[in-house]
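Q: Dropping the structure in here first, questions after.
The values are calculated or read from the model by the stated rules, or taken from the named source; none is laboratory data. Bear in mind the structure is a predicted one, so any value in this text is a computation, not a measurement. Cβ placement follows ideal geometry from the backbone for every residue including glycine, while neighbour counts extend to all protein chains displayed.
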Amino acid sequence: MLAAKPETASPDTPEPIRSFQKSSIKSRLGPCGALSDELLSEGKSEEGAPAPMPRLGDLRAVIRRIEDRAPPRWSERGTGDAGSEQGGEGEEFCPAVPVCPLGFAEIDDRLGGGFPEAGLSELRVEAVRDAGAGLGFALALAVLLGATARRPLVWIAPAATLTDAGYPYRPGLAGFGLDPAALVMVRARRLEEALWAAEEAARSGAPALTLLEVQNNPAQLSLEGSRRLHWRSRAAGRPVVVLRQGGFAESTAAPLRLRLAAGPAADTPRSGVGLEAQRLVGAPAFTVSIEKSRDGRLGQVCLEWNPHERRFETIRPAALSRPVLSTPPDGPAAPAAVRPLMAPGEGGAPGAGGARGEGSVRDGAREPRRRAS
């Protein structure tokens with residue numbers, strides 16, 4: 001079997017053939033002709049020997065020069081390909097993004113200090129019936145991010161999504177800790193209109209939080225479709241959250257993805273006295289699972305939202321009001337007396353005097369059984 005020879009131009013090769021071979025190499029390196037030209041020019045050495053392979057940082061610098069973009073600001077903390085937190089070759093440092101602490105050290109540490117205040121993030125629930133848990137967590141984020149009437153929460157959703165999941169209730173928002181005047185509701189006819197509204201809201205930088213509510217896994221929010229929304233919000237320095245209902249986890253441009261579910265509410269004291277006492281519903285609780293993070297650290301925690309203090313709290317297991325089984329003061333209870341389940345002589349066991357017991361078969365007929373007293 002003959003091996004294919006590399007496409008190299010000899011000194012006596014005509015110029016048109018040389019240009020054709022160079023264009024074929026450029027097409028194999030990438031679809032961007034300018035990128036291929038620059039990489040080919042940087043890959044040559046003065047002696048004619050092939051230069052060493054460029055590192056990831058060099059390739060990104062080339063792309064920035066082509067796109068005429070300034071280099072991003074790097075933070076002191078970075079994440080490499082292997083998930084390390086130290087610098088070195090192949091290290092991919094995270095851009096400096098401000099974060100909003102959730103108030104719980106365990107989840108804040110896993111999120112790199114808190115919820116990112118710029119860029120795209122994703123909240124996901126398993127089914128449409130769990131949309132209340134995802135929306136409640138998003139409203140709590142809006143409160144923590146300081147949503148006001150001058151810097152509102154912009155909630156964008158297609159009409160079909162709002163029909164299934166429901167519309168906001170202003171008195172309920174006030175009881176949750178969010179000023180109803182701090183909400184701007186945008187109902188789009190189609191998903192394309194909702195995406196356009198989200199991009200415009202993110203580019204303006206006016207909202208404290210832009211919430212885009214969708215269902216399932218639309219193609220417009222795939223890896224390619226979400227990248228534009230992510231960079232728009234990053235450039236404006238404001239957060240955009242995609243609340244996905246009933247969809248599976250897929251690759252998007254969002255560095256953070258949280259899966260939410262309703263958590264067990266803490267026990268509350270009863271109101272009233274005697275038979276009129278009623279158990280009240282506890283504060284909203286959420287089971288937060290980190291499915292994707294910037295540094296690859298995952299985890300799960302249960303948080304409770306305090307609408308009066310407007311902050312998250314950890315759920316403490318309620319103490320039992322009494323033991324599961326009461327213990328008698330004089331020791332364990334004696335076992336009950338074992339009583340026979342069958343009459344004597346039934347099943348071949350002889351009764352008194354060797355006669356058949358009651359309930360046995362005689363002359364092809366069964367006599368009525370007598371219950372053991």
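Q: Which numbered condition in (1) closer than 23 Å to residue 118 by Cα; (2) outside any loop (DSSP other than H, G, I, E, B) is the only one that residue 147 fails?
A: (2)
Q: Follow-up. Taking the criterion of being closer than 16 Å to residue 242 by Cα and at pLDDT below 95, would at least one residue in the range 166-182 satisfy it?
A: Checking the range 166-182: not a single residue is closer than 16 Å to residue 242 by Cα and at pLDDT below 95.
Q: Right, something else. Step by step: first the residues of the range 281-322, then only those that are surrounded by fewer than 13 Cβ atoms within 10 Å (Cβ to Cβ) and modelled with pLDDT under 80, then the one that is farthest from residue 130 (Cα to Cα). Which residue is that?
A: 322
Q: Among the residues of the range 229-267, count how many are within 17 Å of residue 202 (Cα to Cα) and hydroxyl-bearing (Ser, Thr, Tyr).
A: 1
Q: Determine, yes or no, whether residue 133 is at pLDDT 95 or above, part of a helix (DSSP H, G or I) and surrounded by 15 or more Cβ atoms within 10 Å (Cβ to Cβ).
A: Spelling it out, it is not the case that residue 133 is at pLDDT 95 or above, part of a helix (DSSP H, G or I) and surrounded by 15 or more Cβ atoms within 10 Å (Cβ to Cβ).
Q: Give all pairs with beta carbons closer than 9 Å in which a residue from the range 196-223 that is in contact (Cβ under 8 Å) with a residue 60 or more places away in the chain meets a residue that is of a type in the set (Ser, Thr, Tyr) and crowded, with 22+ Cβ neighbours inside 10 Å; count only pairs at least 6 apart in sequence or on separate chains.
A: Pairs that qualify, where the first residue is in contact (Cβ under 8 Å) with a residue 60 or more places away in the chain and the partner is of a type in the set (Ser, Thr, Tyr) and crowded, with 22+ Cβ neighbours inside 10 Å, are 213/161; 215/161.
Q: Given the conditions (1) in a helix (DSSP H, G or I); (2) surrounded by 15 or more Cβ atoms within 10 Å (Cβ to Cβ), which single one is not true for residue 196?
A: Failed condition: (2).
Q: Which residues, taken from the range 202-228, are modelled with pLDDT under 95 and of a type in the set (A, V, I, L, M, F, W, C)?
A: Matches in the range 202-228: 202, 206, 214, 219, 221, 223.
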